[in-house]
Amino acid sequence: MVAADGSGADHDVIVIGGGLAGLAAARVAHEAGKRVAVFEASDQVGGRARTDVVDGFLIDRGFQVLLTSYPQARRQLDYDALELSEFEPGATVWNGDRMTTMADPLRRKLRLPESVMSPIGTLGDKLKVLGWRRRVTRGRNPYAAMFQVPETSALEALRDREGFTREMIDGFLRPFYSGILLENELASSSRMLDFTFRMFATGAAALPARGMGQLAYQMLAYLPPASVRLNSPVVSIDGATVTLADGTSHIGHSVVVAVDGWSAHELLGESVVPDVGAAATACLWFAAPHSPAPGKMLVLNGAGPGDGPVNNVAVVSDVAPGYAPTNSSLVAVSLIGIPGGSDSDIENAVRKQLSRWFGAGGVGMWRLLSLQRITHALPDQSPPWLTQPSWPVELAPGRYICGDYRDTASIDGALRSGAAAGARAAAYVSGA
């Protein structure tokens, strides 16, 4: 039994989950002088921000980027040590017949004529992008700014609030934001739409030199050795007692539940964490002898789902060369949802589609390294999603909860929620 002063506890703060939210919570508690233990179910830290090595290629868990304007990421991560490399702002778009470019005219002025002459949308659409950008970048706090306009779906915001044409939405904005929100209907919250647009407008999409998993390992370095225990799934929480799958129990003066929303639902029950819907994705990683799309831009499917299953393609090694061995390229191909059929069925459909984009001869030389089916890539973000500037992190005195499903569904949301929970847990231990 834990006394009010914490005597009888094995640890001041127990954190369940070694993803970005859990590591953020543990770091804040540790830096407040508390004895911290992190229990992670898998064999690596990072949660969904992980990187594997396959034949010398760095394979992230799904195509991911770090948006450099994320406020909490800037506060909690050392960007210089991550050796970030940035995508070019804008995108290359397949319109069903050819590739066209939509560059950022404010940051790439030399590409302004190319973007203006692009057949995607009208000149009025392109001017409306500038107006939208001006509105969403007002104010210093991007989280506060989200709540200055009513919440709708992302599609309603683009179509009705901003007034974009159907051609602009379907030819550019839908595939671009489908790749972020991981759903084609743009039914997610307009607040996530505005938040991410602000992040793109004020910063860059970047990759760490050694993969997205480097974020977690950088945060891990701030914690004491042996404070994080891998392959240690938690099966129950009873007050201050945390029980692992191996039958051992650990007592914490304070406990932070930092697993993803689906795991939290299973661990704590419907009454504490209602079922969290999920957005799914499939990602195929190919080794290629050379880059199919030089230029460091994301390539989008602006022709719609009828063109094939691929939503976007990124030659990640063009941006961060360390993702691929010398004289090779690494191509990440993202699908919205997970198609039915076997791996071979999915691969064949992808190759058929991309042969039209890049040429059958080139795509025929690609070698599949990994086909990932990620059923829980993001929590469902349909309205009402973000109903308040921050969700409460306290379940009960001494019991806290965090994760991207309780904030913006992003790297920044995980870090922000985790830091808030860690601070509350540390304060509870201190008697504040």
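The values are calculated or read from the model by the stated rules, or taken from the named source; none is laboratory data. Everything numeric here is computed off the predicted structure, so don't read it as measured data. All Cβ positions, glycine included, derive from the backbone under ideal geometry; neighbour counts span all protein chains shown.
L207 fulfils the conditions (1) in the same structural domain as P89 (by TED's automatic domain parsing); (2) at pLDDT below 95; (3) not β-branched (V, I, T) except for a single criterion, (2). D52 satisfies every condition listed in (1) more than 16 Å from M219 (Cα to Cα); (2) at pLDDT 95 or above; (3) over 17 Å from the mean Cα position of the chain (by Cα) except (3).
Meeting the requirement of 3 or more residues that are closer than 26 Å to D52 by Cα and assigned by TED's automatic domain parsing to the domain that holds R75, the strands (runs of 3 or more DSSP E) wholly within region 355-432 are 367-379.
Among the residues of region 333-375, those identified as under 14 Å from W285 (Cα atoms), in contact with a helix residue (DSSP H, G or I) (Cβ under 8 Å, 6 or more places away or on another chain) and among the hydrophobic types (A, V, I, L, M, F, W, C) are V333, L335, L354, V363, W366, L368, L371.
Let's see how each residue does on (1) basic (K, R); (2) more than 30 Å from D307 (Cβ to Cβ); (3) in contact with a Gly (Cβ under 6 Å, 6 or more places away or on another chain):
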{"residue": "S342", "(1), (2), (3)": "no, no, no"}
{"residue": "N348", "(1), (2), (3)": "no, no, no"}
{"residue": "W366", "(1), (2), (3)": "no, no, no"}
{"residue": "P379", "(1), (2), (3)": "no, no, yes"}
{"residue": "P392", "(1), (2), (3)": "no, yes, no"}
{"residue": "L395", "(1), (2), (3)": "no, yes, no"}
{"residue": "R399", "(1), (2), (3)": "yes, yes, no"}
{"residue": "R424", "(1), (2), (3)": "yes, yes, no"}
{"residue": "G431", "(1), (2), (3)": "no, yes, no"}
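Residues considered: L158, L173, L106. Of these, the only one that is more than 30 Å from A26 (Cα to Cα), surrounded by fewer than 21 Cβ atoms within 10 Å (Cβ to Cβ), in the same structural domain as F195 (by TED's automatic domain parsing) and out of contact with any Ser or Thr (no Cβ under 7 Å at 6 or more places or on another chain) is L106.
Residues of region 235-254 that are within 19 Å of S42 (Cα to Cα) and in contact with a Lys or Arg (Cβ under 9 Å, 6 or more places away or on another chain): I237, L244.
Looking only at region 197-243, residues that are of a type in the set (G, A, S) and either part of a strand (DSSP E or B) or crowded, with 18+ Cβ neighbours inside 10 Å (or both) come to 10 in all.
Residue by residue, here is whether (1) loosely packed, with under 13 Cβ neighbours inside 10 Å; (2) in contact (Cβ under 8 Å) with a residue 24 or more places away in the chain; (3) on the phi > 0 side of the Ramachandran plot holds:
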site	(1), (2), (3)
A314	no, yes, no
N327	yes, yes, yes
A332	no, yes, no
S344	yes, no, no
A349	no, yes, no
K352	no, yes, no
V363	no, yes, no
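Across region 136-165, what is the number of residues that are without any contact (Cβ under 8 Å) to a residue 60 or more places away in the chain and in a helix (DSSP H, G or I)? Adding up the residues that qualify gives 10. As a summary of the residue check, L130 satisfies the conditions (1) assigned to a helix (DSSP H, G or I); (2) closer than 30 Å to K352 by Cβ except for the one numbered (2).
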